[in-house]
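Participant: I'd like to ask some things about the structure below.
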Amino acid sequence: MNEITNHLPTAELQALDAAHHMHPFTANADLAKHGARVITRADGVTLTDSEGEQILDAMAGLWCVNIGYGRDELAEAAARQMKELPYYNTFFMSTHVPAIALADKLAALAPGDLNHVFFASGGSEANDTNIRLVRRYWDLMGKPQKHVIISRKNAYHGTSVGSASLGGMQGMHAQGGMPIPDIVHIGQPDWYAEGGEMSPEDFGIMRARELEAKIDELGEDRVAAFIAEPVQGAGGVIVPPDSYWPEISRICAERDILLVVDEVITGFGRTGRWFGTEYYGLKPDIMTIAKGLSSGYAPIGGSMVSDKVAEVIGAEEFTHGYTYSGHPVAAAVALENLRIMEEEKIVDHVRDEAGPYLAEKWHQLGDHPFVGETKIVGMMASLALTADKSARLPFESPAGTVGLMVRERCFANNLIMRHVGDRMVVSPPLVMQKADIDLLYERALRSLDEGHAAVKEAGLLKTAG
Ligand SMILES: *Cc1c(COP(=O)(O)O)cnc(C)c1O
């Protein structure tokens, strides 16, 4: 264990962490009592912590380490670029080779006429760019009153004030005066939680038509764009009914609004296609990318922009940009990541092998008495925990109480599986092989068994109402 003991003892690291490090989406006082798990290294699909435990990472970090950990080629690409040109900006009539090469590569990979990219350091920044892009587009088209962006409840588009306003997370809006003006939210296509007595297909149509109704209510002359994730990720891997996207596409085609598809999770192979846009046959005007673009090895994101929108935006100065837009090291890492994805045919691996095998195992978990439904697209999957398989009702306890108990069992069983409320979600590295998926299944099943027993023991195995 020598290679992982080249640091302070775990308890000392945890104490320093608690003293100085404010964690994202965390009650730091509570974390300080438990101590954060210290991850020291990783290889393939496995993390190692400061105690030497080997943990299967079924979340690919935060939905991003698509090609797995420990790829020397990416480290070498970063080192080469740092030595040659560690930084230069792309403002003021300058450019550099990594940004040029990556933009060219992305234009070739992206569907339709999404031939232009505005770089950012991540998904939140890119979605902030999108707010400005769509509003600027309509200003330049002589329709400055078209400023409203329609999004969805329980959507996740990032955490900056702009992108969190696009998102539909009530807990986030409650902290810091969001949403900002002229962003409105319609219902999400979550049939399991909200579909009531309707069939999934009817419910999907109904939720899609909320977009049409909202455009009519506001007036088409006020609406700039609709933004959505092909499959909601952080909202709980909510896979829409099959009827949903075709109906949304019909509405977008009939109305003079822009479609922004947030592919931060679904992009770069997650669905078994290069983009979720292809999986669902969408025609976006703008597409948000980040996460899998570099497999998380360097922070980079961007907005892919159609010919139609880019031409209008480019007519005058767009007063927008980030110091690290197109950062050369991040761009070089992303390029190498995409090269490996193509060389190793990772998207085909998801579509033809890993995805179908994970689906088979995942649906087997659906037989568990604790599981109400299982959903999966490519390599992103969720299951709903339930106290009563026949009822499709939430637990009596506050949402997330039961989910957290199951996540704790996963943690103890060296499986990173996340909970969103009382749904469990996975989004593993795309390079997982069958043996890794078998291990994922075994640990998930054991965690469900133990979680079920613990929830029963605590008297929480009760449905609401
Ligand atoms: C993670 C995520 C974002 C935000 O990206 P960051 O890099 O964390 O800023 C935006 N949209 C979606 C769909 C995401 O999953």
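Participant: Kindly indicate whether residue 297 is more than 15 Å from residue 106 (Cα to Cα), at pLDDT 95 or above and touching a Pro at 6+ places or on another chain (Cβ under 7 Å).
Facilitator: On the way: more than 15 Å from residue 106 (Cα to Cα): yes; at pLDDT 95 or above: yes; touching a Pro at 6+ places or on another chain (Cβ under 7 Å): no.
For residue 297, the condition - more than 15 Å from residue 106 (Cα to Cα), at pLDDT 95 or above and touching a Pro at 6+ places or on another chain (Cβ under 7 Å) - is not met.
Participant: Looking at residue 78, is it in contact with a helix residue (DSSP H, G or I) (Cβ under 6 Å, 6 or more places away or on another chain) and either among the aromatic types (Phe, Trp, Tyr) or closer than 17 Å to residue 417 by Cα (or both)?
Facilitator: On the way: in contact with a helix residue (DSSP H, G or I) (Cβ under 6 Å, 6 or more places away or on another chain): yes; either among the aromatic types (Phe, Trp, Tyr) or closer than 17 Å to residue 417 by Cα (or both): no.
So residue 78 fails the test.
Participant: Return the pairs, sorted by first residue and then second, in which the second residue is among the charged types (D, E, K, R), the first residue lies in region 438-455 and is farther than 12 Å from residue 358 by Cα, the beta carbons are less than 6 Å apart, and the residues are 6+ apart or on different chains.
Facilitator: 447/409; 450/409; 451/409
Participant: While we're looking at this one, here's another question. How many residues are touching a residue at least 60 places away in the same chain (Cβ under 8 Å) and either surrounded by fewer than 21 Cβ atoms within 10 Å (Cβ to Cβ) or within 15 Å of the ligand (Cβ to nearest atom) (or both) when one looks only at region 125-147? Reasoning before the result, please.
Facilitator: Narrowing region 125-147 to residues touching a residue at least 60 places away in the same chain (Cβ under 8 Å): 125-127, 129-130, 132-138, 140-141, 143, 145-147.
Narrowing the set further to residues that are either surrounded by fewer than 21 Cβ atoms within 10 Å (Cβ to Cβ) or within 15 Å of the ligand (Cβ to nearest atom) (or both) leaves 125-127, 129-130, 132, 135-136, 140-141, 143, 145, 147.
Qualifying residue count, region 125-147: 13.
Yes/no per residue for (1) closer than 29 Å to residue 248 by Cα; (2) within 22 Å of the chain's Cα centre (by Cα); (3) charged (D, E, K, R):
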site: 274; (1), (2), (3): yes, yes, no
site: 277; (1), (2), (3): yes, yes, no
site: 308; (1), (2), (3): yes, no, yes
site: 317; (1), (2), (3): no, no, yes
site: 323; (1), (2), (3): no, no, no
site: 336; (1), (2), (3): no, yes, yes
site: 349; (1), (2), (3): no, yes, no
site: 356; (1), (2), (3): yes, yes, no
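Participant: Continuing with this model, one more query. Looking only at region 217-228, decide whether some residue is within 16 Å of the ligand (Cβ to nearest atom) and in contact with a Cys (Cβ under 8 Å, 6 or more places away or on another chain). Reasoning before the result, please.
Facilitator: Initial filter on region 217-228 (within 16 Å of the ligand (Cβ to nearest atom)): 225-228.
Going one step further and asking which of them are in contact with a Cys (Cβ under 8 Å, 6 or more places away or on another chain), we end up with 226.
Looking for residues that are within 16 Å of the ligand (Cβ to nearest atom) and in contact with a Cys (Cβ under 8 Å, 6 or more places away or on another chain), one finds at least one in region 217-228, hence yes.
Participant: Output yes when any residue across region 294-312 is of a type in the set (D, E, K, R), crowded, with 23+ Cβ neighbours inside 10 Å and either within 12 Å of the ligand (Cβ to nearest atom) or over 27 Å from residue 193 (Cα atoms) (or both), and no when none is.
Facilitator: Taking region 294-312 and keeping what is of a type in the set (D, E, K, R), we get 307-308, 311.
Pick out the ones that are also crowded, with 23+ Cβ neighbours inside 10 Å and you get none.
For region 294-312, residues of a type in the set (D, E, K, R), crowded, with 23+ Cβ neighbours inside 10 Å and either within 12 Å of the ligand (Cβ to nearest atom) or over 27 Å from residue 193 (Cα atoms) (or both): absent.
Participant: Next question. Residue 78 passes all but one of (1) away from the ligand (no atom under 16 Å from the Cβ); (2) loosely packed, with under 15 Cβ neighbours inside 10 Å; which number fails?
Facilitator: The failed condition is (2).
Participant: Of the conditions (1) under 25 Å from residue 240 (Cβ atoms); (2) free of Cβ contacts under 8 Å to residues at least 60 places away in the same chain; (3) more than 16 Å from the ligand (Cβ to nearest atom), residue 112 satisfies every one except a single condition; which number is it?
Facilitator: Result: residue 112 fails condition (2) only.
Participant: Just checking, does region 44-64 include any residue being touching a Phe, Trp or Tyr at 6+ places or on another chain (Cβ under 8 Å) and of a type in the set (A, V, I, L, M)?
Facilitator: yes
Participant: Would you point out the residue of region 260-292, among those that are within 16 Å of the ligand (Cβ to nearest atom) and in a helix (DSSP H, G or I), that is farthest from residue 426 (Cα to Cα)?
Facilitator: 277
Participant: Could I ask something else about it? Restricting to strands (runs of 3 or more DSSP E) lying wholly in region 19-104: which have 2 or more residues that are touching a residue at least 60 places away in the same chain (Cβ under 8 Å) and not basic (Lys, Arg)?
Facilitator: Numbers: elements: 39-43, 46-49, 54-57.
Answer list for region 19-104: 54-57.
Participant: In addition: Only one of these is out of contact with any Pro (no Cβ under 9 Å at 6 or more places or on another chain), at negative phi and crowded, with 21+ Cβ neighbours inside 10 Å: 238, 289. Name it.
Facilitator: Answer to the check: 289.
Participant: Oh, and also: Look through 257, 183, 238 and report the one residue that is of a type outside the set (D, E, K, R), under 30 Å from residue 109 (Cα atoms) and either within 16 Å of the ligand (Cβ to nearest atom) or not assigned by TED's automatic domain parsing to the domain that holds residue 302 (or both). Write out each step before concluding.
Facilitator: Details: 257 fails: either within 16 Å of the ligand (Cβ to nearest atom) or not assigned by TED's automatic domain parsing to the domain that holds residue 302 (or both); 183 fails: under 30 Å from residue 109 (Cα atoms).
Checking each option against the conditions leaves just 238.
The values are calculated or read from the model by the stated rules, or taken from the named source; none is laboratory data. Just so it is clear, the structure is predicted and the values come from calculations on it, not from any experiment. Glycine also receives a Cβ, built like all others from the backbone with ideal geometry; neighbour counts cover every protein chain displayed.
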